[in-house]
Amino acid sequence: MDKKALLVINRHSRKGKANFAQAVEMLDGLGFHLITTPVNDFAEFPNIIAKYREGIDLIIVGGGDGTLNAIVDSLVGVNLPLGILPLGTANDLARTLSIPTSIPEACRVIAGDYKKTIDLGLVNGKYFFNVASMGLSVKITQKLTKGLKRRLGILAYAWTAIQVLSQTRPFHAEIRTDTGESMFVKTLQIAVGNGRYYGGGMTIAEDAAIDDQRLDLYSLELQKWWQIIPLLTALPKGSQGLLPWVRTLSGHQISVSTRKAHSINTDGEITVATPATFSVIPRALEIYAPRP
């Protein structure tokens with residue numbers, strides 16, 4: 001192994017500070033020549049990549065889905081593969097790619113040199129890996145604190161969802177697809193997925209994959225409080241489309257408009273708002289993953 005890697009670890013992620021030294025030691029032992037640089041604000045990331053891109057072979061990022069969402073726009077077009085060290089709470093992108101959460105094992109995956117080419121989602125100029133959504137999920141994002149995630153781990157998502165559910169009101173939206181479909185909905189949440197997992201292990205669709213070159217949408221059109229109960233078992237499996245009060249569809253481009261602007265979270269970070277156009281960008285990025 002004789003590869004130069006830019007290593008960026010978010011020390012504010014759930015396990016970032018505790019695992020920084022371990023990651024450096026492990027990667028060094030696997031033969032990587034590391035360039036490590038402090039990042040106080042991920043808005044600096046494009047400048048960091050521009051500074052080092054000519055002298056490196058890959059970029060390794062340690063953090064959770066929020067960290068990866070913060071840097072994904074900077075990776076597009078750079079033509080450098082990405083290695084992931086899952087140091088967040090949910091680590092949904094790592095789950096989608098079957099990257100182990102053990103840091104030594106994740107380092108060995110990068111050293112294994114197998115790369116998977118994945119699609120990216122794009123909404124209003126913002127790239128995302130997993131899912132972009134509006135409605136209930138935004139309320140959860142706004143209430144979910146770093147302290148709660150550190151204390152409860154992945155259970156923080158479920159606990160916060162229970163708290164905000166009673167406070168979330170349905171909203172009206174028009175959904176249009178690139179196939180010419182158009183529909184008006186009254187919904188608690190619209191989620192548009194590029195990957196497979198999001199929100200701590202929820203599944204966007206049963207057959208969703210991060211390289212299937214399509215987007216998967218579902219809309220929660222509940223009318224009775226008890227309809228949330230079947231969702232508790234359906235969402236982890238991606239079978240929510242079997243429920244009559246959940247609308248599902250797929251497409252390469254999907255537009256959503258609302259009467260008033262609704263915030264949209266991408267990979268758990270609130271970034272843009274409606275009206276929104278969602279697109280899939282095929283084969284946009286290479287990521288180190290376990291061999292099939």
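Which distance in nm do the two modelled labels at R176 and V78 give, with both placed 7 Å along the Cα-to-Cβ direction?
Computed distance between label sites R176 and V78 equals 3.5 nm.
I need the semi-axes of the equivalent ellipsoid of the chain: take the C-alpha gyration tensor, multiply each eigenvalue by 5, square-root it, list largest first in whole angstrom.
33, 20, 17
Collect residues whose amide H, placed 1.01 Å from N in the peptide plane, falls under 5 Å from the amide H of Q253; neighbours closer than 5 in sequence don't count.
Sorted by chain and number, the residues that satisfy this are D178.
Could you work out the longest stretch of the chain that avoids the trypsin sites (Lys or Arg not before Pro) located in DSSP loops with at most 10 other Cβ atoms within 10 Å?
1-223
Placing +1 on the Cβ of each Lys and Arg and -1 on the Cβ of each Asp and Glu in the chain, which of T36, V76, F171 has its Cα farthest towards the positive end of the resulting dipole?
F171
Using modelled backbone amide H atoms (1.01 Å from N, in-plane), which distant-in-sequence or interchain residues come within less than 5 Å of N91's amide H?
D65
Hey, which of these cross-link pairs are over 19 Å Cα-Cα: K51/K126; K4/K51; K4/K115?
From K51/K126; K4/K51; K4/K115, over 19 Å: K51/K126.
Have a look at the DSSP beta bridges in the range 1-137 and tell me what percent are antiparallel, nearest 5.
Taking every DSSP beta bridge with both residues in the range 1-137, the antiparallel ones total about 15 percent.
Under a crude label model (7 Å from the Cα following the beta-carbon direction), how far is A50 from Y114 in nanometres?
Here the modelled spin labels are 3.7 nm apart.
Return the FRET efficiency for the residue pair D57, S98: r is the Cβ-Cβ distance, R0 is 22 Å, and the value is rounded to the nearest 0.05.
Plugging the Cβ-Cβ distance into 1/(1 + (r/R0)^6) gives 0.45.
Using +1 at the Cβ of each Lys and Arg and -1 at the Cβ of each Asp and Glu in the range 237-292, identify which of Q253, S239, I287 lies farthest towards the dipole's positive end.
Checking the options against the dipole of the range 237-292, the answer is S239.
Rounded to the nearest Å, what's the spacing between the alpha carbon centres of the range 73-94 and the range 34-65? Just the number, please.
11
Kindly identify the range 3-113 as rounded, prolate or oblate by the Cα gyration tensor criterion: order the square roots of the eigenvalues as a ≥ b ≥ c, call it rounded if a/c is under 1.5, otherwise compare a/b with b/c, prolate if a/b is larger, else oblate.
It comes out rounded by the Cα gyration axes.
If a/c stays under 1.5 just call it rounded; otherwise compare a/b with b/c (prolate if a/b is bigger, oblate if not). Do that for the range 220-261, with a ≥ b ≥ c from the square roots of the Cα gyration tensor eigenvalues.
Oblate, since a/c reaches 1.5 and b/c is not below a/b.
Please report, in debye to the nearest 20, how large the charge dipole of the chain is about its Cα centre when each Lys and Arg carries +1 at its beta carbon and each Asp and Glu carries -1 there.
Roughly 1000 debye, rounded to the nearest 20.
What ³J(HN,Hα) values, in whole Hz, does the Karplus curve 6.51 cos²θ - 1.76 cosθ + 1.60 give for the range 267-274 when θ = phi - 60°, with x put for Gly and Pro?
6, x, 10, 6, 10, 9, 8, 6
Can you tell me what the convex hull of the Cα atoms of the range 49-124 projects to on average, as an area in nm²?
5.5
How far apart, in nm, are the 7 Å Cα→Cβ label points at N124 and L34?
3.8
Given the DSSP H assignment, sum -39500 (n - 2.57) over each helix run of at least 4 residues in the chain and divide by its residue total; what's the result at 222 nm in deg cm²/dmol, nearest 500?
-8000 deg cm²/dmol
Taking amide hydrogens as modeled 1.01 Å from N in the peptide plane, which residues meet the under 5 Å criterion relative to D211, leaving out close sequence neighbours?
D119
What fraction of the DSSP beta bridges in the chain is antiparallel, stated in percent and rounded to the nearest 5?
Here the antiparallel bridges make up roughly 75 percent for the chain.
Across the range 57-64, in residue order, what do the Karplus-derived ³J(HN,Hα) couplings come to in whole Hz, using 6.51 cos²θ - 1.76 cosθ + 1.60 with θ = phi - 60° and x for Gly and Pro?
Calculated HN-Hα couplings, in order: 9, 7, 10, 10, 10, x, x, x Hz.
Gain in length, E105 to A21, computed as 0.36 nm per residue apart minus the alpha-carbon separation, to one decimal in nm?
Taking E105 through A21 to full extension adds about 28.7 nm, to one decimal.
A short reminder: the numbers here are calculations on the coordinates, not readings from a lab. None of the values given here were measured: they were computed from a predicted structure. Every residue, glycine as well, gets a Cβ built from its backbone with ideal geometry; the counts of neighbours run over all protein chains shown.
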